[in-house]
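A quick write-up on the structure given underneath.
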Amino acid sequence: MTKIIGLTGGIGSGKTTIANYFESFGIPVYIADDEARKIMQSSEIIVAIKNVFGDAVFENELLNREKLAKIVFNDPEKLEKLNKIVHPAVKKHFDQWLIQHKKVSYIIYEAAILFESGGYKNCDLIITVTAPVESRIQRVVERDKTTRELVLKRINAQWTDEQRISKSDFIIENTAIETAKLQVVKILKILKIKQKVL
Ligand SMILES: CC(C)(COP(=O)(O)OP(=O)(O)OC[C@H]1O[C@@H](n2cnc3c(N)ncnc32)[C@H](O)[C@@H]1O)[C@@H](O)C(=O)NCCC(=O)NCCS
Ligand SMILES: Nc1ncnc2c1ncn2[C@@H]1O[C@H](COP(=O)(O)OP(=O)(O)OP(=O)(O)O)[C@@H](O)[C@H]1O
């Protein structure tokens, strides 16, 4: 059976960067944020979002993610409602994706809110990526051209590093990327994952 490695960490910790590094060793990676974004373009999800949030979060029939983010990251109940629309659809899509990868020993499921969403229950082991909160804020402000305040709202909607660490099998501290990459190699060795020759 394919083993599922959950890869999590707060916003801006560097999960996707680390996931991409795992992928370079031949491990298939499912990036939940990216897949959710695609799934949210389906008519079924659009109708469900319209029913809850109204036309105000759409522009020319296209979802305005910035507007929706402003609403849900200021209101935990509304975020919960959005999660209830999106998460089951992502789970369904991931289950299909997993069937297509049933011949490999390990896959990586990368998600910021792995614990909060309950997704961790499907994982065989969990890796948490950490970085100091200030670095995370700086990284996201730069990457998304956003503000410190908006990043903090998302941080406040997520578990803390302490909570994630307490439920994880491995921790990757991503302060300097080269050191973080060494930790990936170490985990691959411990799990006896055959590395693809690069
Ligand atoms: C509110 C939305 C439209 C904002 O879109 P936007 O393009 O700005 O952000 P994106 O989806 O790329 O997420 C960026 C980061 O925000 C944080 N974040 C996203 N969703 C959530 C959430 N439900 N709870 C806490 N943090 C979240 C994560 O750190 C994530 O990596 C979007 O995040 C969303 O629909 N979220 C709810 C569904 C969800 O949980 N998706 C993520 C994986 S399943
Ligand atoms: N060790 C590092 N030092 C400096 N910058 C980094 C480091 N690791 C990642 N970054 C950069 O920080 C930003 C955030 O990284 P990444 O997108 O991998 O984080 P993430 O945890 O997946 O974020 P999100 O939760 O928003 O999806 C990116 O621009 C990335 O290039």
Among the residues of region 156-180, write down those that are touching a residue at least 12 places away in the same chain (Cβ under 8 Å) and among the hydrophobic types (A, V, I, L, M, F, W, C). A157, W159, I165, F170, I171, I172, I177, A180
Do we have any residue at all in region 70-78 that's aliphatic (A, V, I, L, M) and in contact with a Phe, Trp or Tyr (Cβ under 7 Å, 6 or more places away or on another chain)? yes
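Per-residue answers, yes or no, for (1) surrounded by fewer than 19 Cβ atoms within 10 Å (Cβ to Cβ); (2) more than 16 Å from ligand 2 (Cβ to nearest atom):
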{"site": "G6", "(1), (2)": "no, no"}
{"site": "G10", "(1), (2)": "no, no"}
{"site": "S13", "(1), (2)": "no, no"}
{"site": "Q41", "(1), (2)": "yes, yes"}
{"site": "K50", "(1), (2)": "yes, yes"}
{"site": "L62", "(1), (2)": "yes, yes"}
{"site": "R65", "(1), (2)": "yes, no"}
{"site": "K70", "(1), (2)": "yes, yes"}
Subset of region 102-125, residues over 15 Å from the mean Cα position of the chain (by Cα) and among the hydroxyl-bearing types (S, T, Y), comes to S105, Y106
Restricting to region 143-169, give me the number of residues that are surrounded by fewer than 15 Cβ atoms within 10 Å (Cβ to Cβ), acidic (D, E) and either closer than 10 Å to S13 by Cα or more than 9 Å from ligand 1 (Cβ to nearest atom) (or both). 2
Just checking, how many residues over region 134-155 are more than 12 Å from ligand 2 (Cβ to nearest atom) and either touching a residue at least 24 places away in the same chain (Cβ under 8 Å) or within 15 Å of the chain's Cα centre (by Cα) (or both)? 1
For I165, indicate whether it is in a helix (DSSP H, G or I), within 16 Å of ligand 2 (Cβ to nearest atom) and more than 27 Å from K38 (Cβ to Cβ). yes
Unique match (being of a type in the set (A, V, I, L, M) and either within 17 Å of R154 (Cβ to Cβ) or within 16 Å of ligand 2 (Cβ to nearest atom) (or both)) among A112, A89: A112
Quick check on my filter: what residues within region 59-109 are under 21 Å from T146 (Cα atoms) and assigned to a loop (DSSP other than H, G, I, E, B)? N64, F73, N74, D75
So in region 109-142, with the set limited to residues that are among the charged types (D, E, K, R) and surrounded by 15 or more Cβ atoms within 10 Å (Cβ to Cβ), which one is nearest to ligand 1 (Cβ to nearest atom)? E116
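No value in this document is a laboratory result; all are computed from the given coordinates. A quick note: this is a predicted structure, and the numbers were derived from the prediction, not measured. Cβ: placed from backbone, ideal geometry, glycine included. Neighbour counts: every protein chain shown.
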